[in-house]
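Below is one structure; the comments refer to it alone.
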Amino acid sequence: MPTQSKFVPVLDKPTGYDPQYPRKNTSGICELTIDNSKNDFPVHVKLSLSNKSNDSAVRVFYVQKGETFKINKITPGSYIVKYQNLQSGSYHKTDVFSLQQTETSTGTQYSSVRFTLYTVRGGNTRMQGSNKAEFDS
């Protein structure tokens with residue numbers, strides 16, 4: 001009978017980019033803030049292209065419990081946020097969302113999105129359960 005691997009919490013990663021991954025899709029000015037300020041667990045987060053390719057992660061980072069992390073210079077496009085709760089090992093993801101950037105006569109309009117990883121009354125972001133295979137893709 002195969003042995004099941006036991007999840008070991010990873011609680012000590014500082015908020016910021018994961019140095020194992022390159023930063024991609026950096027030609028835009030769109031912004032995304034991941035708000036983990038009201039949770040008591042750290043998360044490992046991937047901003048990924050909405051396509052299903054195995055190399056879809058464009059930014060990979062950690063957000064400690066009680067903190068937020070803002071990423072900028074994101075190229076416009078369709079994305080998904082996937083994250084792992086580093087205390088419990090559970091995985092979650094957002095629906096596909098769009099970051100847009102438009103030149104106007106008065107300048108550039110661009111998306112600046114904030115995702116809270118905790119429940120907000122009347123909030124419009126829905127997180128759904130996921131798994132390691134989806135997180136890794």
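The values are calculated or read from the model by the stated rules, or taken from the named source; none is laboratory data. Quantities reported herein were computed from a predicted structural model and do not represent experimental measurements. Every residue, glycine as well, gets a Cβ built from its backbone with ideal geometry; the counts of neighbours run over all protein chains shown. To get the accessible areas, we keep the full protein, side chains included, count just its heavy atoms, and leave off ligands, DNA and RNA. Shrake-Rupley method; radii C 1.70, N 1.55, O 1.52, S 1.80 Å.
Annotations
- Criterion violated by residue 39 - all others in (1) in contact (Cβ under 8 Å) with a residue 60 or more places away in the chain; (2) assigned to a loop (DSSP other than H, G, I, E, B); (3) closer than 19 Å to residue 111 by Cα; (4) open to solvent by 10 Å² or more (accessible area, probe 1.4 Å) satisfied: (3)
- Looking only at residues in the range 66-117 that are among the aromatic types (Phe, Trp, Tyr) and touching a Ser or Thr at 6+ places or on another chain (Cβ under 8 Å), the one that is nearest to residue 12 (Cα to Cα) is 69.
- The set of residues from the range 14-33 being at positive phi and part of a loop (DSSP other than H, G, I, E, B) comprises just one member, 25.
To keep it simple, each residue is scored yes or no on (1) outside any strand (DSSP E or B); (2) closer than 17 Å to residue 132 by Cα; (3) more than 13 Å from the chain's Cα centre (by Cα).
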site	(1), (2), (3)
58	no, no, no
62	no, yes, no
102	no, no, yes
114	no, no, no
